[in-house]
Amino acid sequence: MSKAHVKALMAFEKAAIYGIGTGFAIILVSFFVSGYMMSYVLSTGIGVVIASIFALIIGISFSLMEEYSINSKGNTTNNKFLN
């Protein structure tokens, strides 16, 4: 992996770590809020955690697709099924 790919991947990873930390903090706070708001705050925390994990998966996918496309330029030997 080149430094550009690692830098882009680290940006997604850092954002996901902050998002997951924020989500867990919201989940912990949801246990101490008043009763009728607990479900809203809890679902918000769970949503933030899931969205952060999804963003990390998207970032990894973009990085892998970009690396694959750069490495496969000019390589036409894998097209034996298209002929």
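The values are calculated or read from the model by the stated rules, or taken from the named source; none is laboratory data. Values in this document were obtained by computation on a predicted structure and should not be read as measured data. Virtual Cβ from ideal backbone geometry, glycine too; neighbours counted across all protein chains shown.
State all residues of the stretch 19-53 that are among the polar types (S, T, N, Q) and either loosely packed, with under 14 Cβ neighbours inside 10 Å or modelled with pLDDT of 90 or more (or both); if no residue qualifies, say none.
Thr22, Ser34, Ser39, Ser43, Ser52
Which is in a helix (DSSP H, G or I), in contact with a Ser or Thr (Cβ under 7 Å, 6 or more places away or on another chain) and at pLDDT below 80, of Ala8, Ala4, Ala16?
One residue alone meets the criteria, Ala8.
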